[in-house]
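Participant: My questions will all concern the structure given below.
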Amino acid sequence: MKNADNTGNAGNPGNAGAGADASGAPRPAPRALLDLLALLDLERIDRDIFRGQSRPAVVPRVFGGQVAAQALVAASRTVPEDRLAHSLHAYFLRPGDPGAPIVYTVDRIRDGLSFTSRRVVAVQHGKPIFHLSASFQTDEEGLEHQEPMPAVPDPETLPTSTELLPRHAHLFSDPGVAGRLAEARAAVDLRYVTDPPYATAGRPREPRSQVWFRTDGKLDGDLDRPMLHRCLAAYVSDMSLLEPVLLAHGRGGWTVGDVVGASLDHAMWFHRPFRVDEWLLYDQESPTSQSGRGLGRGRIFTADGRLAITVMQEGVVRVPRGRG
């Protein structure tokens, strides 16, 4: 993320690495991760105005996690680097057009002694499509407690998306969906602890889903900044949070075609330091669904059991006519 005034700077995407080879030299990051980092590298067009591009998504609209992550990037560019986002609250107002740029305008609400508040509005074709409020805080000591991390299998024992998707491609309503889904998630190594909704459509299950995830490649050099890790976590957090709603009703989801849905709002609280290029467990559940809406609640743990992030989202979840 380019930043001339050294606020929220995340460096040059070309510096991303995927670890080191046998000689100790850094290996180049996979192309998909470089593309994702470039997507978050917003163009600054004025002091508090930024422009972002989009990438193809599984459905013909901008992926919500992309807009949330880009808006958080825009907000962070106006905040001192020693203040990290501790919460965000956002609403998705209109479907984004993946073929048009998105302009992000940042409103500097407050700069306090410990906390900084920002509001961001994302605009396309002259209309707001998304708005976000984010709060940033300087690091400080405080009381500590947390819920324990659930017991789950080691991520290295689970199939990758590359291995999982082809096994179930025959279930998708559109034959090309498996390929588009794999491409959309190529920058993230995401591994399901239990079967995803599309694999068990028609069989209601407990409304709970767990996935391990990390970026497919390391963030090093100028990119190894805590704020970039938080922006990438915001991107991933929208990938699967409503899936427990589908599980409760035996629905396969948007890829299978037995429901239609979209994110309505999204909230995140960042509790403890984490790295998005190391394994994180996303423990997700749905406490309720009604009135064409479903609620998802998630907890993101580091591999050593620290509760790093809490996430909440409500979304539209509707059954198409004739699929009831």
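The values are calculated or read from the model by the stated rules, or taken from the named source; none is laboratory data. It should be emphasised that the depicted structure is a prediction, and the values quoted were computed from it without experimental measurement. Positions of Cβ are backbone-derived with ideal geometry, glycine not excepted, and every protein chain shown enters the neighbour counts. Calculation scope for accessible area: heavy atoms of the full protein, side chains included, ligands and nucleic acids excluded. Shrake-Rupley method; radii C 1.70, N 1.55, O 1.52, S 1.80 Å.
Participant: So if I check each of Pro128, Pro153, Pro148, which one is within 22 Å of Ala267 (Cα to Cα) and part of a loop (DSSP other than H, G, I, E, B)?
Facilitator: Exactly one residue qualifies, and that residue is Pro148.
Participant: Of Arg44, Arg94, Arg51, which residue is in a loop (DSSP other than H, G, I, E, B), more than 16 Å from the chain's Cα centre (by Cα), farther than 21 Å from Val236 by Cβ and touching a residue at least 12 places away in the same chain (Cβ under 8 Å)?
Facilitator: Result of the check over Arg44, Arg94, Arg51: Arg94.
Participant: Ala184 fails exactly one of the following numbered conditions: (1) at pLDDT 95 or above; (2) of a type in the set (A, V, I, L, M, F, W, C); (3) within 28 Å of Ala308 (Cβ to Cβ). What is the number of that condition?
Facilitator: (1)
Participant: Sticking with this structure for a sec: Just for the stretch 88-122: of the residues that are hydrophobic (A, V, I, L, M, F, W, C) and under 30 Å from Glu140 (Cα atoms), which one is most open to solvent (accessible area, probe 1.4 Å)?
Facilitator: Filtering the stretch 88-122 for residues that are hydrophobic (A, V, I, L, M, F, W, C) and under 30 Å from Glu140 (Cα atoms), the one most open to solvent (accessible area, probe 1.4 Å) comes out as Leu113.
Participant: Next question. Name the single residue, out of those in the stretch 41-55 being within 17 Å of Gln124 (Cα to Cα) and open to solvent by less than 70 Å² (accessible area, probe 1.4 Å), that is modelled with the lowest pLDDT.
Facilitator: Per the criteria, the residue is Arg55.
Participant: While we're here: Can you tell me which of Val58, Val73 is in contact with a helix residue (DSSP H, G or I) (Cβ under 6 Å, 6 or more places away or on another chain) and either at pLDDT below 95 or of a type outside the set (A, V, I, L, M, F, W, C) (or both)? Reasoning before the result, please.
Facilitator: On the way: Val73 fails: either at pLDDT below 95 or of a type outside the set (A, V, I, L, M, F, W, C) (or both).
Checking each option against the conditions leaves just Val58.
Participant: Going through the stretch 60-87 one residue at a time, which ones are surrounded by fewer than 24 Cβ atoms within 10 Å (Cβ to Cβ) and not in a helix (DSSP H, G or I)?
Facilitator: Pro60, Arg61, Phe63, Thr78, Val79, Pro80, Glu81, Asp82, Arg83, Leu84, His86, Ser87 - these are the residues of the stretch 60-87 that are surrounded by fewer than 24 Cβ atoms within 10 Å (Cβ to Cβ) and not in a helix (DSSP H, G or I).
Participant: Here's another thing I want to ask about it. Among the residues of the stretch 276-324, how many are under 19 Å from Pro207 (Cα atoms), touching an Asp or Glu at 6+ places or on another chain (Cβ under 9 Å) and either basic (Lys, Arg) or open to solvent by 30 Å² or more (accessible area, probe 1.4 Å) (or both)?
Facilitator: Total satisfying the criteria: 8.
Participant: Given the criteria among the charged types (D, E, K, R), open to solvent by less than 50 Å² (accessible area, probe 1.4 Å) and either modelled with pLDDT under 95 or out of contact with any Lys or Arg (no Cβ under 9 Å at 6 or more places or on another chain) (or both), does Arg272 qualify?
Facilitator: Numbers: among the charged types (D, E, K, R): yes; open to solvent by less than 50 Å² (accessible area, probe 1.4 Å): yes; either modelled with pLDDT under 95 or out of contact with any Lys or Arg (no Cβ under 9 Å at 6 or more places or on another chain) (or both): no.
In short, no.
Participant: Check the stretch 272-281 and report whether any residue there is in a strand (DSSP E or B), out of contact with any Pro (no Cβ under 6 Å at 6 or more places or on another chain) and in contact (Cβ under 8 Å) with a residue 40 or more places away in the chain.
Facilitator: Yes, that holds for at least one residue.
Participant: Looking at the stretch 181-208, which of the residues that are of a type in the set (Lys, Arg) and touching a residue at least 40 places away in the same chain (Cβ under 8 Å) is surrounded by the fewest Cβ atoms within 10 Å (Cβ to Cβ)?
Facilitator: Arg203
Participant: What residue, among those in the stretch 173-205 that are touching a helix residue (DSSP H, G or I) at 6+ places or on another chain (Cβ under 7 Å) and of a type in the set (D, E, K, R), is farthest from Leu219 (Cα to Cα)?
Facilitator: Looking at residues that are touching a helix residue (DSSP H, G or I) at 6+ places or on another chain (Cβ under 7 Å) and of a type in the set (D, E, K, R), I get Arg205.
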